[in-house]
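For reference, the structure discussed in these notes is given below.
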Amino acid sequence: MRTFELAAMRACMLVERTPEHTELFGSEGQSVLYFSGEAELLHNIRLLLASPGERYRLAESVHLRITAGKNKYSDRLAHMLETINMHPSGCCQAVTA
């Protein structure tokens, strides 16, 4: 949930490049910057430190993207309950190790 909380607080976000993050935040530079390794992380940190206007733009963009979507706790809970109801047995299966 930290992902949503940071965006809701208008934080400029530099996040690991994952399928989940790109689904939430869109392409590179749309609302966040991504990194895949240490070199890219350091490059983007330096870029953001040198660009206050870009930090502000990204923070506003990610805030709008998250708050305009269905990302409140109640929305996420409703999605989880819908997923459970779509399971053939009507409930979650126990996970065994």
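Here's the yes/no breakdown for (1) of a type in the set (Phe, Trp, Tyr); (2) within 19 Å of Glu16 (Cα to Cα):
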position	(1), (2)
Arg46	no, yes
Tyr56	yes, no
Ser61	no, yes
Ala68	no, no
Tyr73	yes, no
Ala78	no, no
Asn85	no, no
From the option list Arg17, Arg65, single residue qualifying as of a type in the set (Lys, Arg) and without any contact (Cβ under 8 Å) to a residue 24 or more places away in the chain is Arg17
Counting only residues in the range 67-97 that are outside any helix (DSSP H, G or I) and modelled with pLDDT of 65 or more, the one surrounded by the fewest Cβ atoms within 10 Å (Cβ to Cβ) is identified as Lys70
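The values are calculated or read from the model by the stated rules, or taken from the named source; none is laboratory data. Remember, predicted model here, so these are calculated numbers, not experimental data. Cβ sites come from the backbone with ideal geometry, for glycine too, and all protein chains shown count toward neighbours.
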